[in-house]
Amino acid sequence: EAGVAQSPRYKIIEKRQSVAFWCNPISGHATLYWYQQILGQGPKLLIQFQNNGVVDDSQLPKDRFSAERLKGVDSTLKIQPAKLEDSAVYLCASRLTAGTGGKEQYFGPGTRLTVT
Amino acid sequence: AQKVTQAQTEISVVEKEDVTLDCVYETRDTTYYLFWYKQPPSGELVFLIRRNSFDEQNEISGRYSWNFQKSTSSFNFTITASQVVDSAVYFCALSEASTGNQFYFGTGTSLTVIP
């Protein structure tokens, strides 16, 4: 079974530029998550999708971050414009269903973003 | 308030030693789930174990074992006979039914196994 795919793996941009990340979850997983992991910290949830609907985006900085999952499968996360403090690893995870609690999330390899 | 606390920032052990990683959680839910993930240098978080709040039975799986104690809100993880390949950052996570099963991660414990 293929795991969670993410691209690109690395991205370097200048502040005020835009960037987009792509994620393809495990086939059949209805729930998709985007996390931000700053160096030395645990992952922090940015947004959670159930199929193509947003379940929780309370921690997403909506003035500069946006995310979509139009067809309920793959998803994109965009930052516009980027700030220095956005330098982090952006992790995508998927889970079979959000309805039944406790099922583990499976993570992709992440995209390491450096903003200069 | 931090829902998951991993007080140990870094641990170093010599190969073949046993090591225990501590995790303390905070929740008011009666239904919740606890997880351990491993993050090797490659960066991908790897799922290790899940426990629900109704299952306090501790388990051993190969060199890994877990000690879940609701009375002290702890979910500790032990590696016996550590190996160099165990070197990674280990994260404890909590999922609560009341918050839509959102994951709350601790800050991680960096384990270095010295050959």
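The values are calculated or read from the model by the stated rules, or taken from the named source; none is laboratory data. All figures in this text were calculated on a predicted structure; none of them were measured in a lab. Please note: Cβ atoms are built from the backbone with ideal geometry, for glycine as well, and neighbour counts cover all protein chains shown.
Numbers for the structure displayed
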| quantity | calculated |
| --- | --- |
| Residue within the stretch A:50-72 that is surrounded by 15 or more Cβ atoms within 10 Å (Cβ to Cβ), hydroxyl-bearing (S, T, Y) and either modelled with pLDDT of 95 or more or in a strand (DSSP E or B) (or both) present | yes |
| Hits in the stretch A:53-74 - residues which are among the β-branched types (V, I, T) and within 14 Å of chain B (Cβ to nearest Cβ) | A:V54, A:V55 |
| Some residue of the stretch A:40-48 being in a loop (DSSP other than H, G, I, E, B) and of a type in the set (G, A, S) | yes |
| Criterion (in contact with a helix residue (DSSP H, G or I) (Cβ under 7 Å, 6 or more places away or on another chain), closer than 16 Å to A:W22 by Cα, surrounded by 14 or more Cβ atoms within 10 Å (Cβ to Cβ) and away from chain B (no Cβ under 11 Å)) met by exactly one of A:L113, A:L77 | A:L113 |
| Selection within the stretch A:9-25 - assigned to a loop (DSSP other than H, G, I, E, B) and in contact with a Lys or Arg (Cβ under 9 Å, 6 or more places away or on another chain) | A:R9, A:K15, A:R16, A:S18, A:P25 |
| Residue selected from the stretch B:94-111 under the condition more than 7 Å from every other protein chain (Cβ to nearest Cβ) and out of contact with any helix residue (DSSP H, G or I) (no Cβ under 9 Å at 6 or more places or on another chain), by the criterion farthest from A:F49 (Cα to Cα) | B:S110 |
| Candidates B:S87, B:S71, filtered to the one that is out of contact with any strand residue (DSSP E or B) (no Cβ under 9 Å at 6 or more places or on another chain), at pLDDT 90 or above and polar (S, T, N, Q) | B:S71 |
| Residue match in the stretch B:7-20 (condition: assigned to a loop (DSSP other than H, G, I, E, B), loosely packed, with under 12 Cβ neighbours inside 10 Å and within 14 Å of chain A (Cβ to nearest Cβ)) | yes |
| Candidate set from the stretch B:35-75 (those that are among the basic types (K, R) and not in a loop (DSSP other than H, G, I, E, B)); member that is surrounded by the fewest Cβ atoms within 10 Å (Cβ to Cβ) | B:K70 |
| Qualifying residues in the stretch B:83-115 (those that are of a type in the set (S, T, N, Q) and outside any loop (DSSP other than H, G, I, E, B)) - the one surrounded by the most Cβ atoms within 10 Å (Cβ to Cβ) | B:S95 |
